[in-house]
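A short write-up of the structure that comes next.
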Amino acid sequence: MNNFVVADSEKCIGCRTCEIACVLAHSKDGSLSKLSAKTFCPRLKVVKAATLTTPVQCRHCENAPCVAACPKQALVQNDHSVQVVKGACVGCKACLAACPYGAIEIVIAGNSTPRRVEVIKCDLCRDREDGPACIKTCPTNALHKVYNLSFDRRINQRKR
Amino acid sequence: MAKKVLTICPYCGSGCQIYLFVENGEIIKAEPGPGRTNENELCLKGYYGWDFLKNPKRLTARLERPLLRYNRTDEFKEVSWEEAIGFAAKKLADIKAKYGPNAIMCTGSARGSGNEANYIMQKFVRAAIGTNNIDHCARVCHGSSVAGLAATLGSGAMSNSIPEIENTKCVLIFGYNPAESHPIVARRIIKAREKGAKVIVVDPRFTEQAKISDLWLALKNGTNMALVNALGNVLITEKLYNKKYVTNYTDGFEEYCKAIEKYTPEYVENITGIEAKTIRQAARIYAEAESATILWGMGVTQFTQAVDVVKGLSSLALLTGNLGRENVGVGPVRGQNNVQGACDHGALPALFPGYQSVEDETIRRKFELAWGVKLPAKPGYHLTEIPRLAKEGKVKAYYIFGEDLVQSDPDAAGVREALASMELVIVQDIFMNKTALHADVIFPATSWGEHEGVYSSADRRFQKFNKAIEPKGDVKPDWEIISLLSTALGYPMKYNNTEEIWEELRKLCPLYAGVTYKRLEEFGSILWPCPDENHPGTKYLYEGNKFATSSGKGLLFAAEYRPPQERPDEEYPLILCTVREIGHYSVRTMTGNCSALQTLSDEPGYIQINPKDAEKLDLADQELAWITSRRGKVIARILITERVNIGTVYMTYHWWIGACNELTIDALDPISKTPEFKYCAVKLELIADQVFAEDYVQQEYSNLKKKMFC
């Protein structure tokens, strides 16, 4: 089974610390000063509905619709997760339409011609030593990584 | 290699410890520190709220040199410290000679400057000017808690420490949204709930905290007293109160019973909009818990009937014996990093540092002896009375230290009028702000991160904060600026560092006598009272149920319910209530200059409205609309949400364009003089031409930035 990051909405206070941590973890130098509303594109987004607040991010589906929908194999099953193959995306947006969680974004990177597109989705911070930045920074510990579904205590508790 | 400096977060009153990483004289990142309250966690303001120190001029510019103008219609000119101090001293001396010392008003600062600077400011006001006219923004905030708790229990501060919340069995959260204002307190509430505590939230909105609760009491705005009385009524009529505790440790039981007699849950159903059975359920949960904590915020204190409600809440704790031990108590959770400290150190019109009355002759003698000058016995003016007193010609000079009254106080137009009528306005700050636009002289101070001292967090916790970087420009620490002015006025003050000031003040304050810099560094934090150098500090107050009142007992109190002052009518049919949002802080000079926080939300700010009200007014989500009250008119962005109740709209008070305090009313609680920010009447209007509206906001924003030297 794939790994994934999941949030406990009973602990999420909607503060969006995770969103900033996510963007900084995926920036080149982690510099705050380069952040701007125009380019801010976190890989998890805090959703506030009438009675629910929770970050939403890629579930790393086992039979991932985005992987199936991509005509260029830019999204692949790899290392217990769904990962993006750098440089392969053509920006057709099939994955956006396919994702049941709305957890994928496509952005145009820079001003180069021909246009360079990037798929933005949760990569479980696989290049980061400390693991997912969102989990590390959440002040109420509302996020955690599920390694093996059947042994995840927090998820099993909620099933009862 | 980056240098790591341990300090205290400059935002809310939680008092989180934080490491700043410094490389080449610049901060490069912040990480959580091992504070007892935050335990290696931070919220987004702690993690990402320090880059204002780089002066990015996103909203306002740092003040880097003294500024002066001899005529208010002139532009400010950069001058030397000598000229700026000389000008202010001469003007103050002239005004004092002409109108007397009571024509001069000064403020303390609840923000980055620290306890030592507040001590110096009140010493300057009392000893050099000769008045008790000093107050600060606690007046517009928890002033009602300080007054209410002082009367019923004897101390205006949180009775128990923040970490204890985690081990309580019931948290009654009244008019307070910790999820938004104190994330690190919310974290303790979530932990308590995981350990089995029941969480009851009283709020007209379905707040983030209401979401994380077991029972939500959605009361009608402005009906707190009726509900608190009804809770008390259930405790008495259902015999849920602790008889032994009431007999041994409280006064006023008979009067209390009489006062709450008519406030049955059924009687207040119509007033509060809460079903009687829900009120009963809440009272039972609270009373039956083996330990229970009440926490409250501005939803209690910012009403014209606020002190009464605070007294009523403390009575619930007294009736159930939830005081004087661990994991219980009453908690007015303070909003600013050092608003507790500014209160602790005498930035209040009737109190010397250490909560010692200016009217008490023995105490006054002690300070007279220490400061070598005769001191005034009459309490000074309250901050919120200044607009009226200025109009009456009673206040002629205003020395504003680390506050932006035009942004933070009610009826901004009234505040501007008062400032314009003054013969002298001195502003001392780190950023240009709306109040400084009315100044004659501006003193630029060092910021948090650029100086050291001691802060008091909300739970009476003293913690040392440290300097991480060198300031840029010709700026000075607040205490040094005030000392220079005092010396120029003929009352010399000279200190070499903040520790010297701390040593002077702790000897005058029995409550803090045992706290030294060395001990703070050794222990990380010390909670007052700490009477001697062998004392570990006091985690919770009133041990042995000895209250700090004259009788030594806690006072039970209930009052008749009074509705708010300005009710909605045909012309202004909606209630406006001002609230907070998590990513920004106070008047936003700091967070408005932080890139991450500005990225998450920016001008003109939102007005939250229920879908039913929005539909009636034909308003669409994310569109701009006009909001008007009898006092002003502003533009803001519509946020349609089922989380807010029908008939009330909510604005956060951080925004400079969507500035809700252009609309709010300066109606005051009769005792604490705290304004009714939570209730006034407004109307909303659709703007048909949204292109014009968006352009208007952009134009206003760029005009504002120009005025702020950006």
Completion exercise
antiparallel share of DSSP beta bridges within chain B, to nearest 5, in %, is 50 percent
Problem - the range B:421-554 shape via C-alpha gyration tensor axes, a/c threshold 1.5 - result: prolate
Problem - Cysteines in chain A lacking a second Cys C-beta under 4.7 Å - result: A:C12, A:C15, A:C22, A:C41, A:C61, A:C70, A:C89, A:C92, A:C99, A:C125, A:C138
Practice task
With a cut-off of at most 16 other beta carbons within 10 Å, and DSSP calling the residue loop, which trypsin sites (Lys or Arg not before Pro) in the range A:1-71 qualify? Please list them.
Solution key: A:K28, A:K38
Completion exercise
Answer in debye to the nearest 20: the dipole magnitude of the range B:580-680 about its Cα centre, from +1 Lys/Arg and -1 Asp/Glu charges placed on Cβ, is 260 debye
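Going down the table (B:K91/B:K366; A:K38/B:K3; A:K34/B:K45; A:K48/B:K29), which pairs top 23 Å between alpha carbons?
On the way: B:K91/B:K366 30 Å; A:K38/B:K3 33 Å; A:K34/B:K45 17 Å; A:K48/B:K29 29 Å.
Checking Cα-Cα distances, B:K91/B:K366; A:K38/B:K3; A:K48/B:K29 exceed 23 Å.
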Exercise for the section: Could you provide, to the nearest whole Å², the per residue accessible area of the protein assembly as shown with probe 1.4 Å? Expected result: 37 Å²
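Would you please name the GluC sites (Glu not before Pro) within the range B:52-151 that are DSSP coil residues with at most 10 other C-beta atoms within 10 Å of their C-beta?
On the way: sites: B:E64, B:E75, B:E78, B:E82, B:E83, B:E116; in loops: B:E64, B:E75.
Passing sites in the range B:52-151 are B:E75.
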Handout entry: Choice from A:L44, A:L35, A:L124 showing the highest fluctuation, given a GNM over chain A with Cα pairs closer than 10 Å
Key = A:L35
Completion exercise
Amide H neighbours of B:A636 at under 5 Å, excluding residues fewer than 5 places away on the same chain, with H built from the backbone geometry, are B:A625, B:I627
Problem - For the range B:355-472, share of DSSP beta bridges that run antiparallel, in % to the nearest 5 - result: 30 percent
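Once every DSSP H run of n ≥ 4 in chain B is given -39500 (n - 2.57) and the sum is divided by its residues, what mean residue ellipticity at 222 nm do you get, rounded to the nearest 500 deg cm²/dmol? Walk me through the intermediate numbers first.
Values: 25 runs with 226 residues, N = 710.
Dividing the helical sum by the residues of chain B leaves -9000 deg cm²/dmol.
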Practice task
Using DSSP, restrict attention to beta bridges with both residues in the range B:542-650 and report what percent are antiparallel, rounded to the nearest 5.
Solution key: 45 percent
Problem - Other protein chain Cβ atoms within 10 Å, averaged over every residue that makes up A:14-27 - result: 5
Practice task
Give the peptides B:670-682, B:232-244, B:127-139 in descending order of average Cβ contacts within 10 Å, highest first.
Solution key: B:127-139, B:670-682, B:232-244
Practice task
Using a cut-off of 12 Å between beta-carbons, work out the net charge of the residues near B:K494 (Lys and Arg +1, Asp and Glu -1, B:K494 not included).
Solution key: -3
Practice task
Can you find, among B:N496, B:M121, B:T7, the residue farthest towards the positive end of the dipole of chain B? Put +1 on the C-beta of Lys and Arg, -1 on that of Asp and Glu.
Solution key: B:N496
Practice task
Tell me which residues come under 5 Å, amide H to amide H, from B:F352 once H is placed; ignore anything under 5 positions away on its chain.
Solution key: B:S357, B:V358
Problem - Between B and A, accessible area buried - total, square angstrom, nearest 100, 1.4 angstrom probe - result: 2400 Å²
Problem - In sequence order, calculated HN-Hα J values of the range B:614-623 (Karplus, 6.51, -1.76, 1.60; Hz; x Gly/Pro) - result: 5, 5, 4, 9, 6, 8, 10, 4, 6, 7
Handout entry: Calculated from backbone phi, Karplus (6.51, -1.76, 1.60) coupling profile of the range B:63-70 in Hz, x at Gly/Pro
Key = 8, 10, 9, x, 10, 8, 9, 7
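How high is the FRET efficiency between A:K34 and A:N148 when r is their beta carbon distance and R₀ equals 41 Å, given to the nearest 0.05? Please list the in-between numbers first.
Numbers: r = 37 Å, r/R0 = 0.91.
Between A:K34 and A:N148 the formula returns 0.65.
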Practice task
Under 26 Å Cα to Cα from B:K258, which lysines show up? Leave out anything in the same chain fewer than 8 places away.
Solution key: B:K220, B:K239, B:K243, B:K244, B:K277, B:K311, B:K546, B:K553
Handout entry: Charged-residue dipole, Cβ positions (Lys, Arg, Asp, Glu), the protein assembly as shown about Cα centre, Debye nearest 20
Key = 1200 debye
Handout entry: Cut-off 15 Å between beta-carbons: net charge of the residues surrounding B:P265, Lys and Arg +1, Asp and Glu -1
Key = 0
Handout entry: Phi-based couplings in Hz for the range B:213-224 (Karplus 6.51, -1.76, 1.60; Gly and Pro marked x)
Key = 8, 9, 8, 10, 9, 8, 7, 5, 4, x, 10, 3
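The values are calculated or read from the model by the stated rules, or taken from the named source; none is laboratory data. Note that this is a predicted model, so its numbers are computed, not measured. Glycine also receives a Cβ, built like all others from the backbone with ideal geometry; neighbour counts cover every protein chain displayed. Heads up: the accessible areas ignore ligands, DNA and RNA and are worked out on the full protein's heavy atoms, side chains in. Shrake-Rupley method; radii C 1.70, N 1.55, O 1.52, S 1.80 Å.
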